[in-house]
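Readers should treat all values here as calculations from the given coordinates under stated rules, not as data from a laboratory. These numbers come from a predicted model, not from an experiment. Note that we place each Cβ from the backbone using ideal geometry, even for glycine, and neighbour counts take in every protein chain shown.
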Amino acid sequence: MHTPNVRGFFDPATATWTYVVWSTNNAVAQCAVIDSVLDYDIYSCTTKTTSADAVIDFIQEKRLSLQWILETHIHADHITAAHYLQQKLGGTIAISKHILAIVHTWEAYFQNSADTPQDGRQFDHLFEDDEEFTIADLPAKIMYTPGHTPADTSYIIGNAVFVGDAMFLPDVGSGRCDFPGGSAEDAYDSSRKLLALPGDYRMYVGHDYPPEGMRGPRCMATIDQQQQTNNRLSYSVDKHSFIARRNADDTGKPVPHLLLPSIQANLRAGQFGEAVNGVQFVKLPVNML
Ligand SMILES: [Fe+2]
């Protein structure tokens, strides 16, 4: 089985892990970036590319070319740097076909059909469920893992799986399921698909929220470790118990503070909306959430 090289980049501002994935075969120097971050300050409405530039520097130092820019889902807590990375390095921006439902859902909030194509053509490729592809010589496959949102997708790359917010590290558990179309029931079913992978596969998570004072941010646990010790989704937790705890914890939870800017930009693969006389805007719908 192929074991990919993986380098994680942690953004402390949003607790997001971005990954560069590439082959150990030096003859094929192509890579994928999964879930990148465009730094965004909500108060001044300004972006920075510090996080994305660190990824670019790494790719260039390794003399890799960027083949795929992958998103596990439409993030609600940070803006993707997918568009910026593509401008700098090329590559194909891809996400699950299920995001078309997310585009549709949020059109009601943002009234954004004029600058957010409803057919998903702002992404270069929309993956089918179980679609297979390659990153250089690494075999890769889609696994549809809804729950956190209705469109979450995991990427199985060699013997590693990148799960976004479908599961978190064992002492953190799992992502919230209260966004529009989210479902704790679906999240549990998705976790069972993920945990059915071979026990030695490495699971890389999309965020880490280390318990206060306990440890620094980490990004990976094996499937075995998740099966045995995930505090919400281990094999000892039944579906009913998971759903009850998840829904209780999500009830009344505040929305992520970057939710509105993030969703609307991420629905355009990380671009802000149509400019008016050269100025772009973030929309803040009033009394919609
Ligand atoms: Fe998320």
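Counting only residues 5 or more places away or on other chains, whose amide H sits under 5 Å from the amide H of I74 once H atoms are built in the peptide plane?
none
Enumerate the lysines that K62 could reach by cross-link, defined here as Cα to Cα under 30 Å, with residues fewer than 8 away along the same chain left out.
Cross-link targets: K48, K88, K141.
Between A108 and D129, with labels modelled 7 Å along Cα→Cβ, what's the label distance in nm to one decimal, could you check?
According to this spin-label approximation, the distance is 2.3 nm.
Mind computing the radius of gyration and Dmax over the alpha-carbon atoms of the range 5-266? Å is fine for both.
Considering the range 5-266 through its Cα atoms, Rg and Dmax are 17.4, 52 Å.
Report the one residue of F127, L64, S23 whose Cα lies farthest in the direction of the positive end of the charge dipole of the range 22-159 (charges on C-beta: Lys and Arg +1, Asp and Glu -1; origin at the Cα centre).
It is L64.
Name the lysines eligible as straight-distance cross-link partners of K239: C-alpha to C-alpha under 19 Å, and not fewer than 8 places from it in the same chain.
K239 reaches K193.
Hey, rough spin-label estimate for D171 and S65, points 7 angstrom out along Cα→Cβ, what's it come to in nanometres?
That separation, rounded to one decimal, is 4.3 nm.
Dipole size in debye (nearest 20) for the chain around its Cα centre, Lys and Arg Cβ +1, Asp and Glu Cβ -1? Walk me through the numbers on the way to the answer.
Details: 21 positive and 34 negative charges, 66 e Å.
Taking the Cα centre of the chain as origin, the dipole is about 320 debye.
Once the dipole of the chain is set up with Lys and Arg at +1 and Asp and Glu at -1 on Cβ about the Cα centre, which of G8, I223, I95 lies farthest towards its positive end?
Towards the positive end, the residue furthest out is G8.
Under a point-charge model restricted to the Cβ atoms of Lys and Arg (+1) and Asp and Glu (-1), what is the dipole moment magnitude of the range 1-148 relative to its Cα centre, in debye to the nearest 20?
For this selection, approximately 360 debye.
State the Kirkwood hydrodynamic radius of the range 131-257 in Å, one decimal place, computed from all pairs of distinct Cα atoms.
Working: mean 1/r = 0.0675 Å⁻¹.
Kirkwood radius, the range 131-257: 14.8 Å.
Using the number of other C-beta atoms within 10 angstrom as an exposure proxy, rank C177, C31 with the fewest first.
Details: C177 24, C31 27.
Listed from fewest to most nearby Cβ atoms, that is C177, C31.
Kindly write out, for the range 146-151 in residue order, the coupling ³J(HN,Hα) from the Karplus curve 6.51 cos²θ - 1.76 cosθ + 1.60 (θ = phi - 60°), rounded to whole Hz, with x marking Gly and Pro.
Ordered by residue, 3J(HN,Hα) equals x, x, 4, 9, x, 10 Hz.
I need K239, K253 ordered by Cβ neighbour count within 10 Å, fewest first. All intermediate terms of the calculation are to be shown ahead of the outcome.
Values: K239 14, K253 9.
Taking fewest neighbouring Cβ atoms as first place, the list is K253, K239.
Which order do D152, D224 fall in if you start with the one that has the fewest other Cβ atoms within 10 Å? Walk me through the numbers on the way to the answer.
On the way: D152 27, D224 14.
The fewest-first ordering by Cβ neighbours comes to D224, D152.
Charges only on Cβ, +1 for Lys and Arg, -1 for Asp and Glu: so what's the dipole of the range 101-185 about the Cα centre, in debye to the nearest 20? Spell out each step's value before the answer.
Values: 3 positive and 15 negative charges, 36 e Å.
The calculated dipole for the range 101-185 is roughly 180 debye.
Once you have a ≥ b ≥ c as the square roots of the Cα gyration tensor eigenvalues for the range 75-178, tell me rounded if a/c is under 1.5, and otherwise prolate or oblate according to whether a/b is larger than b/c. Walk me through the intermediate numbers first.
On the way: a/c = 1.71, a/b = 1.16, b/c = 1.48.
Oblate is the answer for the range 75-178, as a/c is 1.5 or above yet b/c matches or exceeds a/b.
Only Cα pairs under 8 Å and at least 6 apart count here; give the relative contact order of the chain as a rounded whole percent. Display every interim value, and only then the final one.
Details: 609 pairs, mean separation 52.4, N = 289.
That works out to 18 percent.
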